[in-house]
Amino acid sequence: MVKKIIKNQKIRVRIAPSPTGPLHIGGARTALFNYLFAKKNKGVFVLRIEDTDKERSDLKWVQNIIEELKWLGIEWSEGPDIDGKFGPYKQSQRIEIYKKYLEKLFKEDKVYYCFCAKEELEARREEQLSRGLAPKYDGKCKSLTKEIIETNIKEKIPSVIRFKVHGTKIKFSDLIRGEIEFDTGLLGDIVIAKDLDTPLYHFAVVIDDYEMQISHVIRGEEHLSNTPRQILLQEALGFNQPIYAHLPLMLNADKSKMSKRVGDVAVSDYHKNGYLPEALINFMVLLGWNPGTEKETFSLNELVKEFSLEKVQKAGAIFNVQRLDFINGIYIREKPIGKLTEVCLPYLPKEAQNLPKKTLEKIIEAYKLRIKKLSDITELTNFFFLDKLEYDKNLLKWKEMKNEDVKEALLLCDTLLSKISEGKWNAKNLEKVLLTEAEKFNQKMGYELKNRGYLLWPLRVALSGKSASAGPFEIAEILGKEKTLSRIQQTLDKLSQKMYS
Ligand code: GLU
């Protein structure tokens, strides 16, 4: 029987990503829950890289995992970049450790070499299925003689190492799922290594969790069915069993599995698109955990205080991007303007670097309510940085305005704005001057008196080239007098180019 975790044992948790792709939202959520659990219990959070799959693992994904976790603020105290007592923290550097345990299992006759070819296994599987049996390895190589094994190895017949599964019932208590029972009689003897130097996942994970003194294994529900296999290995090796907690599956809005999701799942995609780390943290923590309060957002420190595994649900957690956008909006609006401008800068064209900080801040201020994610700023504000605006001239017309009236409106704006000195060139004053004249203009043209659009719409389009933008006064203030007047002039020139003929 496996010994349970010893009382008062230090809490040590880990995440063990395989670097076969970028850090996934699911992986980041697992990291976050482990991190919060460790911090809350004054334990240790370990990052271990599971790179035994040489073909599929890539250093660039290790870097991606490290970078994105750091960006999120999820910090570990032992890992591939921070050595600790239990290192190295990359499985590819721990081959000798696994080998020692594999040899032990060979000595104790708990594993054996299997030489069955893939096609052979497939044919036997088909045959079992045709007889209505649940397919599993039939144990063909279990009792090969020492001589046959040695000859096969000498002849380099491809082989794997199988672990003998005695069909017992495994019971364990999962902190989230409750009591779990599994009949290992349904499993055949499991492949745990390709050879002595090439362990596979189930084996390496069990050795590492033991060697690194992991007290709690908190991971995604997709690993629940792996747990009985890993417990069998722990039993065979005489290891303590860690406490398990399997986090609920992440589901798309239509309740399909998130792993089958098309579209963004990599943390780096959210990062690139301009989601703030604080928003992603708050979004992820609610994928399975409920604080039980109305409070909408939490800092990492607040989460550490509030978090508990007891409040993690069993049911699948729905991934709702609208909620992420909503939370991101809250954090965008909360950010002091200087900081917000700083994080927006990478989403602005390089010409933005030449503008005074104050001007940039005004641009961001004018748009911060309209963006859900930082990358939205690019398209919305591009006109500030262009020399020439391209747009359909018909856009300049407000309601039933006639072509010549647009010209009239712009000529009037030009006259009025030219008179305003640089010192008084601010949105407030521009508004005062133009609004006093708007009514007179409407009267002269025979338009509805109170409708400011006749004067201000053509001006706003002349300055922005867009059907939707911030108001004309803010834009004019940001552009400055010279640029504002030159844009009005450019528009008047454009209108004179036989446009309406
Ligand atoms: N390397 C496994 C994965 O990336 C980790 C499984 C575990 O946490 O035990 O899914």
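Nothing in this text is a laboratory measurement; each read-out follows from the coordinates by a stated rule. Keep in mind that what you see is a predicted model, and the values were worked out from it rather than measured. Because the Cβ atoms are built from the backbone with ideal geometry, glycine has one as well, and the counts that use them run over all protein chains shown.
What to note about this one:
- P(r), alpha carbons of the stretch 295-442 - 10 Å bins starting at zero, rounded %: 8, 23, 27, 22, 10, 7, 3, 0
- The overall shape of the chain, judged from the alpha-carbon gyration tensor, is prolate: a/c is not under 1.5, and a/b is greater than b/c.
- The sum of -39500 (n - 2.57) across all DSSP H runs of n ≥ 4, divided by the residue count of the chain, sets its helix-only mean residue ellipticity at 222 nm to -13500 deg cm²/dmol.
- Within a straight-line Cα-Cα reach of under 15 Å, Lys164 can be paired with the following aspartates and glutamates, leaving aside sequence neighbours fewer than 8 residues apart in one chain: Glu103, Glu108, Asp109, Asp138, Asp183, Asp189, Glu235.
- Taking N as its residue count, the alpha carbon Rg of the stretch 141-241 over 2.2 N^0.38 Å: 1.23
- The convex hull drawn around the Cα atoms of the stretch 185-281, when projected onto a plane and averaged over every direction, covers 9.5 nm².
- Among Lys169, Lys156, sorting on how many other beta-carbon atoms sit within 10 Å of each Cβ, with the fewest leading, yields Lys156, Lys169.
- Cross-link table Lys104/Lys257; Lys424/Lys466; Lys42/Lys107; Lys314/Lys335; Lys10/Lys104; Lys419/Lys450, entries beyond 31 Å C-alpha to C-alpha: Lys104/Lys257; Lys42/Lys107; Lys314/Lys335
- Relative contact order of the chain, pairs being alpha-carbon contacts under 8 Å that are 6 or more residues apart, as %: 13 percent
- Solvent-free Debye scattering, log10 I(q)/I(0), computed from the Cα coordinates of the stretch 360-501 at q = 0.14, 0.19, 0.21 Å⁻¹: -0.64, -1.16, -1.37
- The stretch 261-306 and the stretch 25-79: distance between their alpha carbon centers, rounded to Å: 16 Å
- For the chain, the cysteines with no partner cysteine C-beta closer than 4.7 Å are Cys116, Cys344, Cys413.
- Taking a straight Cα-Cα cut-off under 14 Å and skipping sequence neighbours fewer than 8 places away in the same chain, the aspartates and glutamates within cross-link reach of Lys54 are Asp195, Asp197.
- The mean sequence distance of close C-alpha pairs (under 8 Å, at least 6 residues apart), as a share of the length of the stretch 368-501, puts its relative contact order at 32 percent.
- Charge dipole of the stretch 1-118 about the Cα centre (unit charges at C-beta), most positive-ward option of Ser57, Ile95, Gly43: Gly43
- Whole-angstrom gap from the stretch 402-456 to the stretch 355-388, using each part's C-alpha centre: 25 Å
- Normalising the average separation of contacting C-alpha pairs (under 8 angstrom, six or more residues apart) by the number of residues puts the relative contact order of the stretch 299-373 at 41 percent.
- Loop-resident trypsin sites (Lys or Arg not before Pro) (DSSP state other than H, G, I, E or B) in the stretch 45-98 with no more than 15 further Cβ atoms inside 10 Å of their Cβ: Lys54, Arg56, Lys85.
- All Cα pairs of the stretch 66-212, percent lying beyond 20 Å: 63 percent
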